[in-house]
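One structure is given below, encoded as structure tokens.
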């Protein structure tokens, strides 16, 4: 019997990959997602989503892309890690991403080419260009200045570039030091960890998404309470602990994750 069959599952419920199928819409995550969708549709410009490591920012970004997947007038580009060594590397990578090739390879030429591209797509073709930047805390002041320049491109009604930066909190002091950047922020939203009820709902949601249809619980309420206390509601930590719990469940040939099993896993982590 396979791992999935033993647990009455069809797929892995607690992967830490940012799969939109397993995006749990907690109050905080759902509010961020809805406000981002509205901001993009209204072409409001700069949006900043902040949260600690493991709060689900990357999965949120993939869910945002999923919302627009059947609407060809919305074009998404994503920078997974803005760790570029020079200003030119950063702006030329944006040019390559947007399919822009200037006649001369200089920072200024790329800026001019990107401006023409945004006006062509945003005005002539009435497309909405969205740039998602993950790991935004790694942005340098020079990169932020380039993004500020791109946000200058606008019509009388809307911004030509919709910029979504997902970052840890330490981005804030960086952007506050950049003149005329902080005041361009249309949406600044902080994603908080889950509470205990949301932790339970997340675990049950992911199990259902993975195909669990049995009436019997896989996790007791006391086990979930221990999971919450250990993870403090951080989705990534919850997923990792739940994965370990299901793995041990199979190894021990048991039917349900209880508090003693969670305590055993936590005790092993401390060693």
For residue 180: the one exception among (1) outside any helix (DSSP H, G or I); (2) out of contact with any helix residue (DSSP H, G or I) (no Cβ under 7 Å at 6 or more places or on another chain); (3) loosely packed, with under 15 Cβ neighbours inside 10 Å: (2)
Qualifying positions in region 5-36 - assigned to a helix (DSSP H, G or I), surrounded by 14 or more Cβ atoms within 10 Å (Cβ to Cβ) and in contact (Cβ under 8 Å) with a residue 24 or more places away in the chain: 20, 22, 28, 29, 32, 33, 35, 36
Residue list for region 211-232, filter: crowded, with 20+ Cβ neighbours inside 10 Å and assigned to a loop (DSSP other than H, G, I, E, B): 218
Residue that is in contact (Cβ under 8 Å) with a residue 40 or more places away in the chain, under 20 Å from the mean Cα position of the chain (by Cα) and crowded, with 19+ Cβ neighbours inside 10 Å, where the choices are 165, 190: 165
Filter result for residue 123 (out of contact with any strand residue (DSSP E or B) (no Cβ under 6 Å at 6 or more places or on another chain), assigned by TED's automatic domain parsing to the domain that holds residue 34 and in a helix (DSSP H, G or I)): yes
Out of 94, 108, sole residue that is modelled with pLDDT under 95, more than 12 Å from the chain's Cα centre (by Cα) and in a helix (DSSP H, G or I): 108
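The values are calculated or read from the model by the stated rules, or taken from the named source; none is laboratory data. Bear in mind that the values here come from a model prediction, so they are computed numbers and not experimental data. All Cβ positions, even for glycine, are placed from backbone atoms using ideal geometry, and neighbour counts span all protein chains on display.
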